[in-house]
Structures are given as C-alpha cells and as structure tokens.
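> Handing you a structure now.
Quick note: the coordinates plus some simple rules give every number you see, no bench work behind them. None of these values were measured; they are calculated from a predicted model. Virtual Cβ from ideal backbone geometry, glycine too; neighbours counted across all protein chains shown.
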Amino acid sequence: MTRSFRVLGFVVLTIVSLALIAQSRPSDSSKADGLSLARAYMKGMETGQLDDLNKLFLPDGKSNILENASNEGSWEHYRDHHLKPEMEATSNFRVSVTEETETRFGSTILVRQVGTFSMEVKEELRKYRMAVTYLIVDHSGKPKIAHIHWSSRPERKKP
C-alpha cells in the first residue's frame, strides 16, 4: 500500500470515528441534568400538581411506571388510577432524598434516588423508606421520563 493510500485511509477512518462520536454524544437539549428532572418529579409529588408532572413524561402512553412488584402501566394510567386517588386520600406528602446518582449512556440518563417519604392518612403519620430509579430519554430535543421504578417499605418502628 502506498503512503498516499495509508494517509487517505487514516483520514477516512478519522472522519468516520468523529461522526460516530458525534452521534453518541447527547444533543444540547439532552445534556439537561437528569437529577433536576428527578427532583422536579419529587417536588410535583409533594405539591400534588399533576399537571406539572405530566410535562416530565413521554407523552401518549409511551412511559411506564413500576411500583414495588406491580406494573402500573403508562404514566397516564398510573396518574389517573393510582396516584390521583392516593393523593386525595392522603395529605402532607413529604420526601427526603439522602442519596442520588446520575449515569449517562449517550443521550439516555439513569437516575437513582434513595431516601424516605411520609404522608398522613386520616391524621396518622406514615413513614416509608424508598428507592426510585428513573430512565430519562431524549424526546424531540427535550429530556423526558420514559420509566420509573418506585420501591418502598414502611419504616421500622424503633424499639
């Protein structure tokens, strides 16, 4: 192989490599902080503003919610058949996140939050430990929650 073919091969390989790297990088809009989206979700849970929460999810039933060992379906189904009735039956929902991490896979973000939450049910305060995992994807240039897995257990009462 002549020197000019080797140089040409190197140039072509470099251009292809740079193109592949550019494709795997998140777009400017997906560089949004996944932790901010997860925190906005928790804030919406505390305030009970379901309209604000709607804006965080993939639209048209494209998201999925798992809670403990149950498939709750799309965000819309979970919101209407589980979350809304639960919010109407409880008050003073509060969250305390003690650990959170964000891991990026190209334009996809995995967020994990661990902590506690509490709520009042008929004036009885109930406390739970929680672990929540979010899968956040780029949707038309904006980060959206595609999947949440929420796991919780009642806090043990101290002897």
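> Looking only at the range 47-64, which residues are acidic (D, E) and surrounded by 13 or more Cβ atoms within 10 Å (Cβ to Cβ)?
D52
> Let me ask you something else. Looking at the structure I just gave you, is S118 of a type outside the set (F, W, Y) and out of contact with any strand residue (DSSP E or B) (no Cβ under 9 Å at 6 or more places or on another chain)?
Spelling it out, it is not the case that S118 is of a type outside the set (F, W, Y) and out of contact with any strand residue (DSSP E or B) (no Cβ under 9 Å at 6 or more places or on another chain).
> When both residues are 6+ apart or on different chains and their Cβ atoms are under 8 Å apart, which pairs have a first residue that lies in the range 120-142 and is over 18 Å from A40 (Cβ atoms), and a second that is outside any strand (DSSP E or B)?
E120/T90; V121/A89; V121/T90; K127/E155; Y128/E155; R129/E155
> Of the residues E123, E100, E72, E67, which single one is exposed (fewer than 14 other Cβ atoms within 10 Å of the Cβ) and of a type outside the set (A, V, I, L, M, F, W, C)?
E123
> Specify the residue that is nearest to K144 (Cα to Cα); the eligible residues are those in the range 52-87 that are in contact with a His (Cβ under 7 Å, 6 or more places away or on another chain) and not acidic (D, E).
L58
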